[in-house]
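Report on one structure; see the data block that follows.
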Amino acid sequence: MTNQKWKMMVVPETHWDREWYLTFQQFRRRLVRLVDKLLNILENDERYKYFCLDGQTVVLEDYLEIRPENRQRIADLVRAGRLFVGPWYVLPDEFLVSGEALIHNILLGHKIAGEFGHVMRAGYVPDPFGHISQLPQILAGFDLPSALFMRGVGNELDEADNEFWWQAPDGTQVLGVHLIDTYCNGANLGGERWGGQSTAHPATMLEKALERFREERDSLSKKAATSYLLLNNGCDHLEPQPELPDMIEYANQRLEDMEVVHSNYEAYSQAVLAEAGELAMVQGELHNGKYQFLLSGVFSARMYIKQANEHCQSLLEKWAEPFSALAWLEGATYEQSLLWQAWRHLLHNHPHDSICGCSIDQVHKEMLPRFWQAEQIGEILFDESAQHLSALAKIEKPPVPEDCVYARKVVVFNPHNWQRREPVAVQLRAPISPNQKPRDVVARNAAGEVVPSQIVRQQVSEYEAGIPEDKLLWEAEVLIAADVPPLGFAAYSLVTDNSGRQFNDSGLRAGANWLENEYVRVEAQANGTLSITDKASGLVYDGCHLLEDTEDAGDEYDYSPAVQSTTLTSAASSARISLIERGPVRATLHVDLTLQLPVSLTGDRRSRAEQSVACPVSTFVSLTADSPRVSFQTTVDNQAHDHRLRVWFPTGCEVDNCYAEGQFDVITRSLDLPQAAGWFQPPQPTKPTQGFVDVNDGQRGLGICTVGLPEYEIVREGNQAIIALTLLRCVGWLSRDDLLTRPGNAGPKTATPDAQCLGKHTFRYALVPHQSDWLSAQMWKHSAGEKVPLRAVTSDLGEAGDYEQLSFLTVEPDELVVTCLKKAERDEALIVRFYNISEQPITGHVTCYRQITSAELVNLNEQPTAALNIDGEGRIELPEVPARRIVTVALRFDH
């Protein structure tokens, strides 16, 4: 824009990393000083109009734990529109947490900010390492009209301004604002200013501030879509500058072509939206580094953190929260405060410096107890809810042998909105007499039919509290081939049996080095790799599960090869292969080998050391009777430093794209890296996934399901694509300046020996060969099944309810994937959220086991947007759901 008067909107702010190169408590000491100072400034100088507390409300909780007496002072300033808080609870990394975690994050941020009087109406996300495709839809779902961010842009904005329309996969769009000169472009106005103390003479400070205003005007106006320019007066952990009003006044007296305005992100967003004409459109995820470091190596730094996060997310989203809501429908108390406490513990680990694994060692040690606390609350709430709901289940009492030591009702729960025919693990405990150890168990469904089951683990202990002294404690894990309706349960009986009865053939076969069912055949080779035969097509996938290890001369932020790179594989290994489990439900091979790896990099970090160290790798390869999914559980005893360990799966497909499960999306990603001449950080081939990654040519394909392993790369070798899944990335530095994949430091050069991840680590993942594409193969169901196995609770056989099996709720068709089931925050409604995972608009319906009296569409903040019709059969008729649209429904019942 030319020949106009610019309006520079100066927004005072601080970006608050709760933990990073210092611990939480060390940074909190600085936070308390900052907020103390800020309150005094705002209360004593009306010219200092606004301040933004980084878009996250957790800083209010952190501060008020130390200064509870200042709560009203903060609330008064928020209500007066001078202190801006929210909309987030914490500023998260977006790629490493689930879509529901992001929604719960903003929901909690709104809850807290609302208690103080106002939620900032701007999607401020300054520093995450890139942005997911569905962020526009999530923000719009909370009536947040804009996304202000710094990182992630590649060539998308070459022909666009810094302000543009950013469109989600479903078509929802918000105003995107690229902070091209960073979220710190107005930091330290007037000169160097740290710790709140000016280092410049007041007159010099005013002149330097004027100079900065001019510099930023010249820079920002080159790609401005409107007359409004944004200057962020703050940066990481910076305190407010009380001289800001003087600087603004001084500048306005001397600038003729620009007015400097003390403003806020709400006002800026509204002003741009009001003035903007046609803006360029940008679609999909932003995950490039043209203007700023992207730091994509964080997907695999400290992998144990990613695994713990996946476990806790699944526990809260699939078990504790939904089954608490269902138990509430059956008269139980809905423990909303306890659930939010669990979410708080988990969300405290979601800021990018935390979940990304790119902080000092002490920070990541302190993350683990938060995961443990979230897990403990989640397990308690699920167990209470499941026991409450299990009273609804009935089962006919089965034949009980005279020598039976265990006879119980087993109620198996399914948290997904499709029928699941999968094994469920049941834990058994019973006192027995000596020489009374059971030989087998018998499981029956509600029709009295024997279903496949097998004991996979058992032990006898001499004594435990609560067991009579003349008895032994028998403990066992049993697998039952369960068949459970959507979002519901099925009842079974389970008794011990020594009759030596045999099951009917389940179709599962196994030998010394092979497994087979009606879908696939798995053969272990001498070097430990696998040949997988897809029996439907006859295609054979050779060389699966090859281990590949390369040095890592990088840091917590980024992988880097050494100047003299060396890659080792398990191709020449001599594996020890044994069949350790064979039954009608599951068969398992054990593949044991040892990798001899260089102990570390050399002293100059230019190559790998000559000295080697043994790293044992133990993999259990399992196949069940009714699925083409081949499951892996791999334990690595890592004794090597400075390396990256991956597992390879050749696909046999020559393709240009792959498909990766994301947050409410399946992303199509090109295998070609973008043209990147002059980029701030060159693009890297490793990418993130939230569940599965799939390679297919439309006729056949191979999918890999991951469990807390978010990094993959598609390696082109010859005429085929190979899926490389990262298991470990082991480094010893928070940041370094000598990487081949990034110029300069991304943080302090601090040693982080714990990031070498020495010791034993266990990983879970699975392989699915299939016909056609990922959608036809229903890869999302395999991903969910691998991440969230069925769960069971037991009770006395005499406890009889009304249902042999029950689906509490159905959402059809299956392509409408349910992601949330909870009680509403502010009323007595049941909240159901789902999204259309398919690539076409679809219609569907929702039904419930109870009569629904009313239903309505609500936004992500659970505010009503439209009423829904209930047909004559009591089903809710859904309007057409566009591809990748997130839909939230509130259901109400007569209580």
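The values are calculated or read from the model by the stated rules, or taken from the named source; none is laboratory data. Since the model is a prediction, treat every value here as computed from it, not as a measurement. Glycine also receives a Cβ, built like all others from the backbone with ideal geometry; neighbour counts cover every protein chain displayed. Areas reflect the complete protein model, heavy atoms only, side chains present, ligands, DNA and RNA absent. Shrake-Rupley method; radii C 1.70, N 1.55, O 1.52, S 1.80 Å.
The residues packed around Cys653, meaning those with a beta-carbon under 9 Å from its beta-carbon, carry a net charge of -1 if Lys and Arg are +1 and Asp and Glu are -1. So, R0 is 22 Å and r is the distance between the beta-carbons of Lys394 and Glu475; what FRET efficiency does that work out to, to 0.05? Plugging the Cβ-Cβ distance into 1/(1 + (r/R0)^6) gives 0.20.
Summary of packing: across the peptides 616-622, 351-357, 464-470, 147-153, the per-residue average of other C-beta atoms within 10 Å ranks them, highest first, as 351-357, 147-153, 616-622, 464-470. Relative to the longest principal axis of the C-alpha atoms of the chain, give the angle of the C-alpha long axis of helix 24-44, reported between 0 and 90° and rounded to the nearest 10°. It works out to around 40 degrees. Ordering Leu144, Val613, Asn414 by Cα displacement along the dipole of the chain toward the positive end leaves Val613 in first place; charges were set at the Cβ atoms of Lys, Arg (+1) and Asp, Glu (-1).
Measure nothing but the geometry: give the 0 to 90° angle between the long axis through the Cα atoms of 336-347 and the longest principal axis through the Cα atoms of the chain, rounded to 10°. Compared with the principal axis, the helix lies near 70 degrees. For the range 100-228, the relative contact order works out to 20 percent when only alpha carbon pairs closer than 8 Å and six or more residues apart are counted. Projecting the Cα atoms of Val261, Gly277, Trp328 onto the charge dipole of the range 197-334 (Cβ charges, centred on the Cα centre) puts Trp328 farthest toward the positive pole. Treating r as the C-beta distance of Ala677 and Asp754 and R0 as 35 Å, the FRET efficiency rounds to 0.40. Taken along the Cα-to-beta-carbon direction at a fixed 7 Å, the label points for Thr853 and Arg82 span 4.7 nm. Ligands, DNA and RNA are left out, and with a 1.4 angstrom probe the accessible area of the chain is 36 Å² per residue. Calculate for the chain the 222 nm mean residue ellipticity that helices alone would give, adding -39,500 (n - 2.57) per DSSP H run of length 4 or more and normalising by residue count, nearest 500 deg cm²/dmol. Taken over the chain, the calculation gives -6000 deg cm²/dmol. Averaging the sequence gap over all C-alpha pairs within less than 8 Å and six or more residues apart, then dividing by the number of residues, gives the chain a relative contact order of 12 percent. Taking a straight line from the alpha carbon of Lys760, these aspartates and glutamates sit under 12 Å away, with near neighbours fewer than eight places off in the same chain left out: Asp637. Approximating the spin labels as points 7 Å out from Cα along Cα→Cβ, the Glu275-to-Glu65 distance works out to 4.2 nm.
Under the definition of Cα pairs under 8 Å and six or more residues apart, what whole-number percent is the relative contact order of the range 493-585?
Computed over the range 493-585, the figure is 27 percent.
If the segment from Lys223 to Thr635 were pulled out straight at 0.36 nm per residue, it would be longer than the present Cα-Cα gap by 143.2 nm. Net charge near Ser314: determine it from the other residues with C-beta under 13 Å of the C-beta of Ser314, scoring Lys and Arg +1 and Asp and Glu -1. Overall, the nearby charge balance is -2.
Projecting the Cα atoms of Asn232, Val630, Val695 onto the charge dipole of the chain (Cβ charges, centred on the Cα centre) puts Val630 farthest toward the positive pole. With q set to 0.19, 0.29 Å⁻¹, the log10 of I(q)/I(0) for the range 825-895, from the Debye formula over equal scatterers at the Cα positions, is -0.76, -1.42.
For a quick check of your reading of the filter: which trypsin sites (Lys or Arg not before Pro) in the range 73-103 sit in a DSSP loop and have no more than 11 other Cβ atoms within 10 Å?
none
Give the angle, between 0 and 90 degrees and rounded to the nearest 10, that separates the Cα long axis of helix 265-275 from the longest principal axis of the Cα atoms of the chain. Helix 265-275 sits at roughly 80 degrees to that axis. Counting only protein heavy atoms and a 1.4 Å probe, tell me what percentage of the chain's accessible area is made up of carbon and sulfur. Carbon with sulfur: 45 percent of the solvent-accessible area.
Could you list, in their original order, any pairs among Lys5/Lys49; Lys37/Lys208; Lys471/Lys787; Lys409/Lys437; Lys306/Lys823; Lys222/Lys749 whose Cα atoms are separated by more than 26 Å?
The answer is Lys471/Lys787; Lys306/Lys823; Lys222/Lys749.
Computed over the range 441-480, the P(r) tail beyond 16 angstrom holds 52 percent of alpha carbon pairs. Among the chymotrypsin sites (Phe, Trp or Tyr not before Pro) in the range 247-354, none sits in a DSSP loop with a Cβ that has at most 11 other Cβ atoms within 10 Å.
Rolled with a 1.4 Å probe across the full set of protein chains, the surface gives Ile106 an accessible area near 0 Å². Kirkwood-type hydrodynamic radius, the range 772-895: 16.2 Å, calculated from all non-identical alpha-carbon pairs. Solvent-free Debye calculation, one equal scatterer per alpha-carbon of the range 469-561: log10 I(q)/I(0) at 0.17, 0.20, 0.25 Å⁻¹ equals -1.00, -1.08, -1.26. The charge dipole of the chain, taken about the Cα centre with unit charges on the Cβ atoms of Lys, Arg (+1) and Asp, Glu (-1), comes to about 920 debye, rounded to the nearest 20. For the range 794-895, trypsin sites (Lys or Arg not before Pro) meeting the loop criterion (DSSP other than H, G, I, E, B) and having at most 10 other Cβ atoms within 10 Å: Arg826.
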